[in-house]
Each structure stands twice: as C-alpha cells, then as structure tokens.
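To keep things clear, I will list the structure first and then write my remarks on it.
Taken together, the values in this text are just the output of simple stated rules run on the coordinates, not laboratory data. On a predicted model such as this, the values are computed, not experimentally measured, just so you know. Cβ coordinates were reconstructed from backbone atoms using ideal geometry, including for glycine residues, and neighbour counts include every protein chain displayed.
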Amino acid sequence: MSFGLQVLLLGAGTYLFRISVVELASTRHIPARYEAVLQLIPPAVLSALVASSLALENGSIRPFGPWWVAAAIATVVAAKTKSAAWTLAVGMVAVWILTALW
Amino acid sequence: MLLNEVARTGLRIGFRRCFALAVGVVPFGIVYGVAVAQSSVNDFVGFMAGPVVFAGASQITLLELYESDATWYVAVGTSLIINARLILYSAALAPSFQEFPRRWRLGLGYVMTDQATSLSLVEFQNQHDPVARRWFYLGAAATLWTFWQVGTLVGVLAGTGLPDSLQFEFIIPLMFTALVVPALRNRPAILAAVVSALVTVGTGFMPPGTNILAGAFAGIAAGAGLAFWSASPGTGDTGVEDTGVEDTGVGES
C-alpha cells in the first residue's frame, strides 16, 4: 500500500480518536464524579509522556546526566512561573550549559 | 469587524498561551520534513501528512515503518497506538465540548493535540463561557497547527536538519513538563502523575506507545481511588472539583 494511502488511513483513524468521546458524550449528562476522574487525564497522560521522553532511552532507563538535572530545573521554573516560554528557554539553556560542563 | 470582542480576545489569549510551545514544535516539524526529503516518499505526499494527520510522533513513526518496508497494517496500527491517547483527551474535553455546536466540535476535534488540550483544560478552570472557551481552544490549536506545518515545510525544502549538538530532542520532555505542572492542582492529580510516570518507566520494555497508555491508565486509576477515598462518604461527591490541595487531603489528617 502506498505511503499516501497509509497517511489517509492514519489521518482518518486519528480523527475518529479525537472526536470519539466528544461525540458519544455530546448529548449525555456527565455526572460530577466522572468529571472528577476526567480531570485526572491530563496529569496522567502528560506525566507518562514526560517519563517516556526523559527517563527512557531506547526502552531502558536514561543514565543520570545533564537531561535529568536540566529537567529538574525546568520543573521548578514551570512551577514558579507557569510559563511554557520560560520553561522551554531555561530548560534548553540549562541542558546546553550542563552538557558543556559535564 | 469580522469577529466580535469575545472571539478576538479568545483567539488572542489562546495564541499567546500556545506561542512558545508552537515555536517548540518547529524543530520536530523540521525533523519530520527532513525525513520526508531523505526518504523514497514524494515530498508533497510526505508534507501532506501534516495537514491530514497532524500528530507529529505518529507521522514520524509511520514514515520510518514505511521506509523499513513494514506491512501497511503494522505501520498504520503502530502509529494509531501512539495516537490512542487522543481518545483520553477526547474524554477529558467532552464536558466542555458538550456546550459547543456540532460543527465546532467536529472542527475543533481535528486540531486536538497534547498542547491544545492541556492548555484549554487549565484555561477552562477560570473561563466558563462556552463561546470564549471555543475561541481560546481554536487560538491555541490553530497556532500549533500553523507552526507544525511551517516546520515540516522548512524541513522538506531544506533537506538537512538541525545539528545534534543543539539537543532539540530535549524540547519534548520540556514541553510536557511545561504542560503537566499547571495540571497538578490537587492530590489526586499529583498521585495520578507520579503513578503514571513510574508505570510508564516500569513498562518501558513494551512496544512504543503502549507503555504510555499503561502508565496513563494506572495513574488515572490511582488518582480516582484517592479522590473517592478522600471524599466524604455518602455524599456521592468527590470533593475534587475546583478545589485546591488543602481541600482534598481529608483522609490524611
């Protein structure tokens, strides 16, 4: 199958994922207790994405080094400033400096 | 004036909140574009995966698998598993999207990403007007969409990537850190994040994407368990909604 057709299939499937629950639940009443569970989705998914991109390297744990320290610094910046711009900027500068010094 | 005040304000705030993150995805658009340029795939078809799929990690995976001659259903299936977290985002956004007209839901669904979802859910804590909400989401999502396509285009046209010494892969954990920290608003959320991270790492040997789903589900279960356990019995209310850390720690004292 050509790459173009595979792209169309992936695009269609991904779009269905995106609208799936939104459309299924569109006319239903969502009880408060379920909403409370739904609010846990972003912290859980995003934390999994941080863990897999930071702590894992080709399936095994990334050795302690500049990435770990720079990520810790970025976490503090994110908590203090709540700003993505500062988190990205300080994090990148930190990893460059730490890599040079390590 | 084409748009009213609420619409313009929503778009502007959405754009502003997303701008740094959108700049951050450009290097990955370039990575994907360069991979297209260096592959056997036609440049235009490769570029069009951006507007058609609009999910970077899965686009890169699909291209890699295609180039390594994987069977089509393995290539598409693996890429879909990477995108399966969007079903969870769809659930997380469902309560707020309920208030939107159908054509808005279907349109905004197309630009659903990690960034637009998490920025919006944080914004929606303080913004309850459905009209302002949908324009905010659109402002954030459209910003990300534009930068992603531009990055891809640059990569396809340039054909060579950014030097490895710049360590642009580090933007990925940084971006998710910037998104997750504001979402840690109470103890169940913090527990969900911690459990999710531990399970994701612990299941790192599993196929790409599946460990993230395993971690996310474990985290949600743990957070929900804590939320229900610390809710006062008999009320049926979790006590989590719109409360701070101090209000949810009932069971601790």
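May I ask you to order A:81-87, B:140-146, B:103-109 by the average number of other C-beta atoms within 10 Å around their residues, highest value first?
Details: A:81-87: 18.4, B:140-146: 22.4, B:103-109: 16.9.
Packing proxy ranking, top to bottom: B:140-146, A:81-87, B:103-109.
What is the mean number of Cβ atoms from other protein chains located within 10 Å of the Cβ atom of each residue in peptide B:185-197, rounded to a whole number? It would help to have the intermediate numbers written out before the result.
Working: counts 2, 4, 0, 5, 7, 2, 3, 10, 10, 4, 3, 10, 10.
Counting other chains' Cβ atoms within 10 Å and averaging over B:185-197 gives 5.
Around B:Y32, under 15 Å between beta carbons, what's the net of Lys plus Arg minus Asp minus Glu among the other residues? Before the final figure, lay out each step's value.
Working: positive: none; negative: B:D43, B:E64, B:E67, B:E169.
Once positives and negatives cancel, what remains is -4.
For chain A, just say rounded, prolate or oblate: build the C-alpha gyration tensor, square-root its eigenvalues into a ≥ b ≥ c, call rounded for a/c under 1.5, and beyond that prolate if a/b exceeds b/c, oblate if not.
Numbers: a/c = 2.65, a/b = 1.52, b/c = 1.74.
Oblate.
Taking the number of other C-beta atoms within 10 Å as the exposure measure, put B:R12, B:R187 in order starting with the fewest. If you can, show how the numbers build up before the last one.
Numbers: B:R12 13, B:R187 23.
Lowest count first: B:R12, B:R187.
Please compute the contact order of chain B in relative form: average sequence separation of alpha-carbon pairs under 8 Å and at least six residues apart, divided by the residue count, as a percent.
Reported relative contact order: 27 percent.
Would you pull out the residues with amide H under 5 Å of A:E57's amide H, same chain only if 5 or more places away, H placed 1.01 Å from N?
Amide H neighbours of A:E57: A:R62.
Is there a simple number for the mean count of other chain Cβ atoms within 10 Å of the Cβ of residues in B:66-77, and what is it? List each step's numbers first, then the result.
On the way: counts 5, 1, 0, 0, 1, 1, 6, 3, 0, 5, 9, 3.
Whole-number average of other-chain Cβ neighbours for B:66-77 is 3.
Mind jotting down the distance between the C-alpha centroids of segment B:135-198 and segment A:66-102, whole Å?
A separation of 14 Å, based on Cα centres.
Stretched out fully, how many nm does the piece from B:Q167 to B:V154 gain, at 0.36 nm a residue minus the Cα gap? Walk me through the numbers on the way to the answer.
On the way: separation 13, 0.36 × 13 = 4.68 nm, distance 1.86 nm.
Here the segment from B:Q167 to B:V154 would lengthen by 2.8 nm.
Can you tell which of B:V34, B:V194, B:V111 shows the greatest fluctuation in a Gaussian network model of chain B with Cα springs below 10 Å?
Of the options given, B:V194 has the highest mean-square fluctuation.
Under the definition of partner shielding as Cβ atoms of other protein chains within 10 Å of a residue Cβ, what is the mean value for peptide B:158-169?
Details: counts 0, 0, 0, 0, 0, 0, 0, 2, 3, 7, 1, 3.
Partner Cβ neighbours, averaged per residue: 1.
Give the relative contact order (percent, whole number) for segment B:21-103; include only Cα pairs under 8 Å separated by 6+ residues. Could the numbers behind the result be given before it?
Numbers: 38 pairs, mean separation 17.5, N = 83.
Relative contact order of segment B:21-103: 21 percent.
Which of the DSSP-defined H helices in chain A satisfy a minimum axial length of 18 Å, computed from C-alpha atoms, and a minimum mean Kyte-Doolittle hydropathy of 0.0? Walk me through the intermediate numbers first.
Details: long enough: A:3-24 (31 Å, 1.45); A:66-81 (22 Å, 1.20); A:84-101 (25 Å, 1.99).
Going by DSSP H runs, the hits are A:3-24, A:66-81, A:84-101.
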